[in-house]
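Asker: Following this message is one structure expressed as structure tokens.
The values are calculated or read from the model by the stated rules, or taken from the named source; none is laboratory data. The structure presented is a predicted model; accordingly, all values stated were derived computationally and were not measured. Positions of Cβ are backbone-derived with ideal geometry, glycine not excepted, and every protein chain shown enters the neighbour counts. All accessible areas refer to the heavy atoms of the entire protein, side chains included, with ligands and DNA or RNA removed. Shrake-Rupley method; radii C 1.70, N 1.55, O 1.52, S 1.80 Å.
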Amino acid sequence: MRVLYFARTRELLGAGQEDLCLPEGIREVGELRRHLCGLSPRHALALGDRQGQLRVAVNHHLVGEAHPLADGDEVAFFPPVTGG
Amino acid sequence: METWVELFQDSEAMATRLATWGPPSSAAGAEASFGGRVRADLAEEGEVEALRLEHYPGMTEAAMQGLAQAALSRFGLERIALLHRVGELAMGELIVAISVASSHRQASLEALTFVMDRLKEEVPLWKQVRVAGAWHWVDPKASDAAAAEAWCAQRP
């Protein structure tokens, strides 16, 4: 699966994109986020979401932490949006 | 019933394309437009020298299309154009342009507010401002979130 990062989330992580295989036993967005947090201190910093501000999209739709995942999905993590 | 959604790298091109859109169908008795521009007083950090807009290629356009469709059906519009800049902008440049048409004026006027309120909540775009040579991310405003939420409460 492709994981994308935007704006401040991307800056904290130091990367805009990662390709990875959906790990065994990870079925939902929240589980993926916690798994990614464990990959490095920068991952934890970017995705730790202590304020509950982090947004997630799967295949271009905003979703919650309980949303199911499939291999081949495109997941994106980003801060609250500020367009307009 | 027509929706036109597009991202632009250049504000003049965006304004020109919108100006050449032509009149709506004869069923439309009302038209309304909104333009948002870059203000110099945008940041607590100081005077803004430039603005930058990051987007999520694919999702930004899809979210704008979904929002335009939602406005079209909720307000019974004849048509809607929702155009947004990405990339770097100077002071005073056009960031976003919306144009709508409907049979009567109430739908057009309300649709503009609806689209702006929802855009600020659900379309993947992120602003940065440059102050004294350094870029800072702009934080969303609580009032914007409240305004977007209010449209869910008052479904017609």
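Asker: Could you give the DSSP H helices of chain B that reach 15 angstrom or more along their long axis (alpha carbon positions) and whose average Kyte-Doolittle hydropathy is no lower than 0.5?
Answerer: Span-like helices in chain B: B:142-153.
Asker: What residues does the range A:65-84 have that are buried by at least 50 Å² of accessible area in the full protein assembly compared to the chain on its own, 1.4 angstrom probe?
Answerer: A:81, A:82, A:83, A:84
Asker: Expressed as a fraction of 2.2 N^0.38 Å, the rule-of-thumb size for a compact globular protein of N residues, what is the C-alpha radius of gyration of chain A?
Answerer: 0.99
Asker: Additional query: Summing Lys, Arg as +1 and Asp, Glu as -1, what charge do residues with Cβ under 9 Å from the Cβ of residue A:56 carry, residue A:56 excluded?
Answerer: Residues near residue A:56 contribute +1 overall.
Asker: Something else now. Report residue B:116's accessible area, 1.4 Å probe, all protein chains in place, as a number in Å² to the nearest 10.
Answerer: Only protein atoms counted, so the area is about 20 Å².
Asker: For the range B:2-71, what is the Kirkwood estimate of the hydrodynamic radius, computed as the reciprocal of the mean inverse distance between distinct Cα atoms, to one decimal in Å?
Answerer: Taking the inverse mean of 1/r over all distinct Cα pairs, the range B:2-71 comes out at 15.1 Å.
Asker: For residue B:2, list long-range residues whose amide hydrogen, built 1.01 Å from N in the peptide plane, is under 5 Å from its own amide hydrogen.
Answerer: B:79, B:80
Asker: If one takes the accessible area of chain A alone plus chain B alone and subtracts that of the pair, with a 1.4 Å probe, what total in Å², rounded to the nearest 100, results?
Answerer: Buried: approximately 1800 Å² between B and A.
Asker: As a test question: what accessible area, to the nearest 10 Å², does residue A:71 have when a 1.4 Å probe is rolled over all protein chains in place?
Answerer: Looks like 100 Å² after rounding.
Asker: Next question. Alpha carbon centre of the range A:1-70 versus the range B:103-133: separation in Å?
Answerer: Here the two parts' Cα centres lie 27 Å apart.
Asker: Using a 1.4 Å probe, how large is the accessible area of residue A:19, given in Å² and rounded to the nearest 10?
Answerer: For residue A:19, solvent-accessible area is about 100 Å².
Asker: Could you work out Rg/(2.2 N^0.38 Å) for the protein assembly as shown, with Rg from alpha carbons only?
Answerer: The protein assembly as shown yields a ratio of 1.09.
Asker: Continuing with this model, one more query. Would you be so kind as to list the residues of the range B:56-90 that have their accessible area lowered by at least 20 Å² in the full protein complex compared with their chain by itself (1.4 Å probe)?
Answerer: Buried on complex formation: B:56, B:59.
Asker: Return the carbon/sulfur percentage of the accessible area of chain A, one whole number, probe 1.4 Å, all protein chains in place.
Answerer: Answer for chain A: carbon and sulfur cover 49 percent of the accessible area.
Asker: Hey, another quick one. May I ask you to give the solvent-accessible area per residue for the protein assembly as shown, in square angstrom, as obtained with a 1.4 angstrom probe?
Answerer: Per residue, the protein assembly as shown has 49 Å² of solvent-accessible surface.
Asker: For the residue pair residue B:150 and residue A:73, what label-to-label distance in nm results when each label sits 7 Å from Cα along the Cα-to-beta-carbon direction?
Answerer: Reported label-point gap for residue B:150 and residue A:73 is 3.5 nm.
Asker: Hey, another quick one. For the range B:31-156, what does the convex hull of the Cα positions come to per residue, in cubic angstrom?
Answerer: Dividing the Cα hull volume of the range B:31-156 by its residue count gives 100 Å³.
Asker: On to the next question. Rounded to the nearest percent, how much of the accessible area of the range B:24-125 (1.4 Å probe, protein heavy atoms only) is carbon and sulfur?
Answerer: 47 percent
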